Amino acid sequence: MLEPSIVKDEEVENLIDDVYEMYGYDFSGYSRASFKRRVNRICLLDRFTSFAELRYTILNDPEYLKRFVEEVTVNVTEMFRDPSFFKALREKILPQLGTYPLIRIWIAGCSTGEEAYSMAILLKEAGLYHKSLIYGTDLNPSVLETARAGVFPMQQMKLYSENYILSGGIKDFSDYYTANYNNVKFDKSLQEKLILSTHNLVSDSSFNSFQLIVCRNVLIYFDRELQERVFKLFDNSLEHLGFLALGAKETLKFSTIDKNYQQVEEQKIWKKLDHH
């Protein structure tokens with residue numbers, strides 16, 4: 001096992017450079033302390049005897065790279081996370097989107113899909129689900145498998161249910177899933193309008209035009225330059241008067257697209273203005 005102190009700072013920098021050069025994944029904007037912690041954790045989990053061995057494997061085995069990215073970007077996600085955000089969507093944003101004949105929503109960095117399912121439930125309760133499409137993308141194919149299956153641990157349901165109620169949920173949350181031993185499976189109907197696919201925010205281009213883009217707690221891992229690139233991608237993908245929603249620690253404030261957007265109240269939601 002590697003002692004945390006064994007991984008030297010310059011080794012970490014080299015690894016970050018290599019991964020970016022070779023694969024386009026950019027961890028340079030990442031907090032070093034958490035990056036190092038996670039690198040140590042991977043060495044422990046996968047029984048690498050040295051940092052050099054880990055680095056060699058990452059650079060020579062693209063399959064292993066996937067696992068590395070997964071571990072380093074461990075997505076801490078939950079249904080109706082930050083209930084006040086979902087409440088704002090429910091009360092302020094969805095009524096505006098309801099005027100469109102078709103509502104296209106992009107959940108970027110959707111991880112294992114909790115947010116996509118939460119969105120489906122919101123749309124159902126707003127009576128808009130039948131005319132909506134939810135695109136969930138992530139750069140990590142294996143989290144999308146979990147999202148596709150719609151199966152989540154039973155022990156999460158208490159928290160999810162509390163979040164749901166705080167977000168203004170009107171039904172019994174358990175109506176949306178079937179319990180089975182330690183897991184629950186979400187209702188098939190919540191997947192009907194869900195399109196899941198891999199997409200790399202760093203290198204892939206825009207693939208549709210949306211009225212709402214939700215990208216929460218993904219950009220905190222990127223540095224300013226990379227964030228700027230992603231904001232441009234979102235701007236190109238968002239219709240006029242569409243909405244962009246970010247995570248609690250994220251902002252459009254310092255970006256070049258900020259001048260075309262107006263923040264919706266105290267929430268991390270911005271509306272794209274019409275150009276006259």
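The values are calculated or read from the model by the stated rules, or taken from the named source; none is laboratory data. Here the structure is a predicted model, which is why all the values come from computation and not from measurement. Cβ coordinates were reconstructed from backbone atoms using ideal geometry, including for glycine residues, and neighbour counts include every protein chain displayed. We work out accessible area using only protein heavy atoms, side chains counted, and drop any ligands, DNA or RNA first. Shrake-Rupley method; radii C 1.70, N 1.55, O 1.52, S 1.80 Å.
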- Task: Could you check how many residues of the range 91-111 are touching a helix residue (DSSP H, G or I) at 6+ places or on another chain (Cβ under 6 Å) and open to solvent by 10 Å² or more (accessible area, probe 1.4 Å)?
- Result: 1
- Name the residues in the range 78-89 that are surrounded by fewer than 20 Cβ atoms within 10 Å (Cβ to Cβ), touching a helix residue (DSSP H, G or I) at 6+ places or on another chain (Cβ under 7 Å) and either part of a helix (DSSP H, G or I) or without any contact (Cβ under 8 Å) to a residue 24 or more places away in the chain (or both), would you? Pro83
- Checked the range 113-123 for anything charged (D, E, K, R) and surrounded by 24 or more Cβ atoms within 10 Å (Cβ to Cβ); matches are Glu115
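Matching residues to (1) open to solvent by less than 50 Å² (accessible area, probe 1.4 Å); (2) within 27 Å of Glu63 (Cα to Cα); (3) assigned by the TED database to the domain that holds Leu252:
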position: Asp172; (1), (2), (3): no, no, yes
position: Asp187; (1), (2), (3): no, no, yes
position: Leu194; (1), (2), (3): yes, yes, yes
position: Asp204; (1), (2), (3): no, yes, yes
position: Phe210; (1), (2), (3): yes, no, yes
- Taking only the range 149-161 into account, find how many residues are touching a helix residue (DSSP H, G or I) at 6+ places or on another chain (Cβ under 8 Å) and not hydroxyl-bearing (Ser, Thr, Tyr). 3
- Note on the structure: Result of the Cβ filter at 6 Å on the range 38-61, keeping first residues that are free of Cβ contacts under 8 Å to residues at least 12 places away in the same chain and partners that are assigned to a helix (DSSP H, G or I), at least 6 apart or interchain, is Thr57/Tyr64
- Task: Look at the range 49-60 and say how many of its residues are open to solvent by 30 Å² or more (accessible area, probe 1.4 Å) and closer than 27 Å to Glu225 by Cα.
- Result: 2
- Tell me, please, whether a residue that is among the polar types (S, T, N, Q) and closer than 28 Å to Glu225 by Cα can be found in the range 37-48. yes
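Given the criteria part of a helix (DSSP H, G or I), out of contact with any Ser or Thr (no Cβ under 9 Å at 6 or more places or on another chain) and open to solvent by less than 70 Å² (accessible area, probe 1.4 Å), does Leu144 qualify?
no
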- Message: Pairs needed: first member in the range 250-271, in contact (Cβ under 8 Å) with a residue 60 or more places away in the chain; second member anywhere, outside any strand (DSSP E or B) and buried (at least 18 other Cβ atoms within 10 Å of the Cβ); C-beta distance under 6 Å; at least 6 residues apart or different chains.
- Response: Gln267/Ala88
- Query: Quick check: anything in the range 124-138 outside any strand (DSSP E or B) and open to solvent by 60 Å² or more (accessible area, probe 1.4 Å)?
  - Reply: yes
